[in-house]
Amino acid sequence: ATTRAGEKVVRIIDDTDQVTLNTVPRITFVPGPVNAIQSTITTSTQAAPADGTTPARFVVTAYDAFANAIPGATVVLHVNGNAVIAPPTATTDSAGKVTFAVTDATPETVTASATINNVAINNTAQVRFRGADIKIEMSTLAISNNGYSTSLAASGFPITYTITLNNLGLMNADH
């Protein structure tokens, strides 16, 4: 007995008359229905830029109860937050896999889940979309021959530099 999908060769022998069938039949076993525990969703990255264009990739693999890959299964990816999926629905390849690209312009942690042939799989995967951690702005102000200036300075007078650091991403304030 086997639990693996694929083509099998069957040898048939009649024990009563000791006759072996010359024709060797081949039987193809196909994967069973989607198994919510065996099927997976993964991502190769833990973080991605929250720029709205750089994708984080999620791979969903459809398996039956015996870990046979299921080709041709319909997969719908679900994400929370402001993330965008392209495409949100796809069909698994011959290895039972499908890849989704997810982008986000909002700094946030996104959790992805999937349904395969209308069966919700148990595991999820997360990606943290990060904004720029720090934005630096610099300005100057100096006394010039025409009063105060941001581009000219009079000799012998002080120049005031203002540097502003803004925490735009998900970096903790104590860092």
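The values are calculated or read from the model by the stated rules, or taken from the named source; none is laboratory data. As the structure is a computational prediction, the values presented were derived from the model and not from experiment. Cβ: placed from backbone, ideal geometry, glycine included. Neighbour counts: every protein chain shown. SASA here: full protein model, heavy atoms, side chains in, ligands and nucleic acids out. Shrake-Rupley method; radii C 1.70, N 1.55, O 1.52, S 1.80 Å.
Filter region 17-46 for residues that are over 24 Å from Q126 (Cβ atoms), open to solvent by 90 Å² or more (accessible area, probe 1.4 Å) and part of a loop (DSSP other than H, G, I, E, B) and give the result.
Answer for region 17-46, where residues must be over 24 Å from Q126 (Cβ atoms), open to solvent by 90 Å² or more (accessible area, probe 1.4 Å) and part of a loop (DSSP other than H, G, I, E, B): D17, Q18, N22, T23, V30, P33.
Identify, please: which residue in region 100-133 is farther than 15 Å from N80 by Cα, part of a loop (DSSP other than H, G, I, E, B) and among the small types (G, A, S) and is, among those, least open to solvent (accessible area, probe 1.4 Å)?
G131
Given the criterion in contact (Cβ under 8 Å) with a residue 40 or more places away in the chain, over 30 Å from F129 (Cβ atoms) and aromatic (F, W, Y), identify the matching residue among F66, F58.
Exactly one of F66, F58 is in contact (Cβ under 8 Å) with a residue 40 or more places away in the chain, over 30 Å from F129 (Cβ atoms) and aromatic (F, W, Y), namely F66.
Under the condition of being closer than 22 Å to T109 by Cα and charged (D, E, K, R), which residue from region 20-73 is modelled with the highest pLDDT?
R57
Could you list all residues from region 90-99 that are hydrophobic (A, V, I, L, M, F, W, C) and not in a strand (DSSP E or B)?
Answer for region 90-99, where residues must be hydrophobic (A, V, I, L, M, F, W, C) and not in a strand (DSSP E or B): just A95.
For region 47-89, how many residues are open to solvent by 20 Å² or more (accessible area, probe 1.4 Å) and in a strand (DSSP E or B)?
Qualifying residue count, region 47-89: 14.
Residue by residue, here is whether (1) touching a residue at least 24 places away in the same chain (Cβ under 8 Å); (2) touching a Lys or Arg at 6+ places or on another chain (Cβ under 9 Å); (3) hydroxyl-bearing (S, T, Y) holds:
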| position | (1), (2), (3) |
| --- | --- |
| K97 | yes, no, no |
| T103 | yes, no, yes |
| P107 | yes, yes, no |
| T111 | yes, no, yes |
| N117 | yes, no, no |
